[in-house]
1. Give, in nm to one decimal, the length gained when the segment between Asp141 and Arg83 is fully stretched (0.36 nm per residue of separation minus the Cα-Cα distance).
2. Calculate, in nm to one decimal, what Lys105 and Val172 gain on full extension: separation in residues at 0.36 nm each, minus their alpha carbon distance.
3. Between rounded, prolate and oblate, where does the range 88-157 land on the alpha carbon gyration tensor, with a ≥ b ≥ c its root eigenvalues, rounded for a/c under 1.5, else prolate if a/b exceeds b/c?
4. Just how large is the dipole of the range 101-221 about the Cα centre, in debye to the nearest 20, putting +1 at every Lys and Arg Cβ and -1 at every Asp and Glu Cβ?
5. Multiply the residue separation of Arg96 and Ser205 by 0.36 nm, subtract the distance between their alpha-carbon atoms, and state the gained length in nm to one decimal.
6. Among Lys138/Lys189; Lys185/Lys218; Lys128/Lys185, which pairs are too far apart, with a Cα-Cα distance over 27 Å?
7. Once label points are set 7 Å from the Cα along Cα→Cβ at both Lys128 and Ser159, what is their separation, rounded to one decimal in nm?
8. Using mean Cβ contacts within 10 Å as the protection proxy, how do 187-197, 119-129 order, highest first?
Amino acid sequence: MLIFSKEQHLFQRGLPILLSGMLMITIRRHVPHNQTGCAKLLWRIRACDMLRENFSQAAAKALQSADVKIPDSIVMFTLDEPRYALYLSAVERVVRAVEITPLPKAPDIVLGIINFGGRVIPVLDIRKLFRLTAREMKPDDRFIIARTAQRQVAIMVDSVTGVHDLTEAETVNAKHAMPFARYLKGAAKLDGNLVLIHDLDQFLSIDEESVLDISLAKGLQ
């Protein structure tokens, strides 16, 4: 079940005028002028679906052309007590945890694979990276569907606590916050607590990426 999507967050951040304009353009391009009644309504629904499917790219282009400044946003999640985060730009969806299919000979960090929207996605257990106590997956766990430079992945977390738009005053130098953390991309101080913002591309090494490619290829045969 979908818990969060980047599109929903952008909707909630006050883009109604932009969206209204995009919807009208979509309707004019794709709804036949000779349709009336229920047929016209169905075509409008189809236009809305088309808008939803292409919203991320269209909104990004529109905002860029309008020279609109969007602050850095982070998706915050928990693993035991500490608070962690990923930049929103890397996150696509947050969904409820589902059954994982084992993937033989995959890297240790890879729990297995899931089918998400017809795509096979590896599930990463980043607890091992942070030396946290391993545990079995629970029904109320979450999967953060995100994209690295190489592939789409699902990250298993305890919970997702929200999305936050960072201000310059909240940003902390990552090296000063935790100089030994190779997976760290940044840090922020929110409500007196340190939130560690991680670099998604560092979760898998080059060798692990290669091993995962081979495992996925054999697993899908």
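Read the figures in this text as sums done on the coordinates, not as results from a lab. Note that the coordinates shown come from a computational prediction; the quantities given were computed from them, not determined experimentally. We place every Cβ from the backbone using ideal geometry, glycine too, and count neighbours over all the protein chains shown.
1. Values: separation 58, 0.36 × 58 = 20.88 nm, distance 1.50 nm.
Length difference between fully extended and current span is 19.4 nm.
2. Difference between extended and current length: 20.3 nm.
3. In terms of gyration-tensor shape, rounded.
4. Its charge dipole is roughly 260 debye.
5. Values: separation 109, 0.36 × 109 = 39.24 nm, distance 2.68 nm.
Between Arg96 and Ser205, full extension yields 36.6 nm more.
6. Beyond 27 Å: Lys138/Lys189; Lys185/Lys218.
7. Those two pseudo-labels are separated by 2.7 nm.
8. By packing density, highest mean first, the sequence is 119-129, 187-197.
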